[in-house]
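One structure is given here, and the rest of the page talks about it.
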Amino acid sequence: MARNNEIPEVNAGSMADIAFLLLIFFLVTTTIETDVGLDRKLPPKDPTPPIKVQEKNIFRVSLNKKNELLVENEIMSLENLKSATIDFLDNGGAPKGDGNYCDYCQGDRSLYASDSPGRAIVSLNSDREATYGVYILVQNELTAAYNELRSREAERLFNLGYEEMEEIYFDPQTDLKAKSELKAKINQIRTMYPMQLSEAETNMNLIAEFQ
Amino acid sequence: MKNYRNTKNRLPAVSTASLPDIVFMLLFFFMTVTTVKDNTLLVDNRLPNADQVKKLEKRDRIIEIFVGKPSPELASVLGSEPKIQLDNRLATINEVAPYVLSELAKKPEAIRNLVTVSLKVDQEVNVGVVSDIKEELRRVNLLKVNYTTYQGDAFLNAQ
């Protein structure tokens, strides 16, 4: 009689099956990867007065409907775009003593390319019928040019690549103090090589797209 | 006697008592590292590759717009012109601005100016469609965009 009053043990044998069922459900409905991509900031719509920019400070890149690239009025293969962009941005054409003189530039100091990285504007113009994949490739190469220059300066000044700095900055485990220090450094690098990428609507009317 | 020897030679059964624990561990692992898929794709969406990418974190701050050719089962009805997908339906370019604004209104006020529009565009699509969308986004003053890509060698796009 005493035995009957005991609570019978619950059979846990099917626990594994239940857990497997849940596991499979989550495997099917979820994805692991987080999205990655190229960040851009579009220019605001409200009309701003046009800014006069000297032609030598503009790096014209256009992509036609056959996915061919025209850089500064010369046909260029996609592979050479990055190095040409770096040469243009890092030129530092302003003479010594000029307000825009760039003391960290390592370029040719040619009179026909940009005065200083702060003044250099990359103008990207793409045909409506160009392929999006190639357009992204062009955007990627232009970003790569900026990143390479920024990294070079970051290595020189802080012994740390620009991309690593950003990675540490966006890591949620970084504490606040380190973050604010990093932020100042990142901003310093960004002002040295500001990303000024504009997408022209027409040849005359430049619309800037800044990062 | 015979019976006794038989039982002695048999291998002991493997205990499955800890199996639920192991499976639960796996379950929790997957629950924490994955995110829920919230859209069924109606368009082909083979994203381009890029290597200068940044992570798109915090999914609550993202509005997604898909562009691509209609998927094979819909292509017979809709043709092969690129279409825009908003949420779970196909839309025209005029619907982009109202959709984005209504999505923005659903977000808490504190993060509204941090919202990024993620453009998930198939790599075969023409740039024209994308610039139309960007024009619409500028019109409603949503200026942070992200050209969402796969991580990889960008020169694969040119082939």
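Quick note: the coordinates plus some simple rules give every number you see, no bench work behind them. Quick caveat: nothing in here was measured; it's all calculated off a predicted structure. Virtual Cβ from ideal backbone geometry, glycine too; neighbours counted across all protein chains shown.
Eigen-decomposition of the gyration tensor built on the alpha-carbon atoms of the protein assembly as shown gives equivalent ellipsoid semi-axes of 52, 27, 21 angstrom, largest listed first. P(r) tail, segment B:49-158: Cα-Cα pairs separated by more than 16 Å, 62% of all pairs. Ranking of A:195, B:31 by neighbouring Cβ atoms within 10 Å, starting from the fewest: B:31, A:195.
Backbone geometry of segment A:6-21 corresponds, through the Karplus equation with coefficients 6.51, -1.76 and 1.60 at θ = phi - 60°, to 3J(HN,Hα) couplings of 5, 6, x, 5, 6, 6, 9, x, 8, 4, 4, 4, 4, 5, 4, 4 Hz, x marking Gly and Pro. The angle separating the long axis of helix A:132-158 from the principal Cα axis of greatest extent in chain A is about 80 degrees. Annotation for residue A:52 and residue A:109: the two label points, set 7 Å from Cα along the Cα-Cβ direction, are 2.8 nm apart.
Partner shielding of A:139-148 amounts to 4, given as the average count of beta-carbon atoms from other chains within 10 Å of each residue beta-carbon. Note on residue B:54 and residue B:39: the model spin-label points, each 7 Å out from Cα along the C-beta direction, lie 2.1 nm apart.
Counting only DSSP beta bridges whose two residues both lie in segment B:49-158, roughly 35 percent are antiparallel.
Neighbour counts of other Cβ atoms within 10 Å put A:171, A:90 in the fewest-to-most order A:171, A:90.
Each residue in A:170, A:158 was given a count of other beta-carbon atoms within 10 angstrom of its own, and listing them fewest first yields A:170, A:158. Extension gain, residue A:183-residue A:24: 0.36 nm per intervening residue step, less the Cα-Cα distance, totals 53.0 nm. When chain A is treated as a GNM with alpha-carbon contacts under 10 Å, the residue of A:168, A:32, A:18 showing the greatest mean-square fluctuation is A:18. The distance between label points at residue A:83 and residue A:64 comes to 2.4 nm (points 7 Å beyond Cα on the Cα→Cβ vector).
Under the shape rule built on the C-alpha gyration tensor, where the axes satisfy a ≥ b ≥ c, segment A:55-210 is oblate, since a/c reaches at least 1.5 while a/b does not exceed b/c. Across segment A:55-210, the mean sequence separation of Cα contacts (distance under 8 Å, 6 or more residues apart), normalised by length, yields a relative contact order of 23 percent.
Once C-alpha pairs closer than 8 Å and six or more residues apart are averaged by separation and normalised to the residue number of chain B, the relative contact order reads 29 percent. Principal axis analysis of the Cα atoms in segment A:1-139 yields extents of 105, 41, 36 Å, listed in decreasing size.
Taking every DSSP beta bridge that has both residues in the protein assembly as shown, what percent is antiparallel when rounded to the nearest 5? Just about 55 percent of them are antiparallel.
The longest stretch of chain A left intact once loop-based GluC sites (Glu not before Pro) with at most 15 other Cβ atoms within 10 Å are removed from consideration, loops following DSSP, is A:130-200. Applying 1/(1 + (r/R0)^6) with r as the Cβ-Cβ distance of residue A:170 and residue B:11 and R0 = 45 angstrom yields a FRET efficiency of 0.25. Beta bridges assigned by DSSP with both partners in segment A:55-210 are antiparallel in approximately 50 percent of cases.
Note on segment B:88-121 and segment B:13-39: Cα centroid distance 35 Å, given to the nearest whole angstrom.
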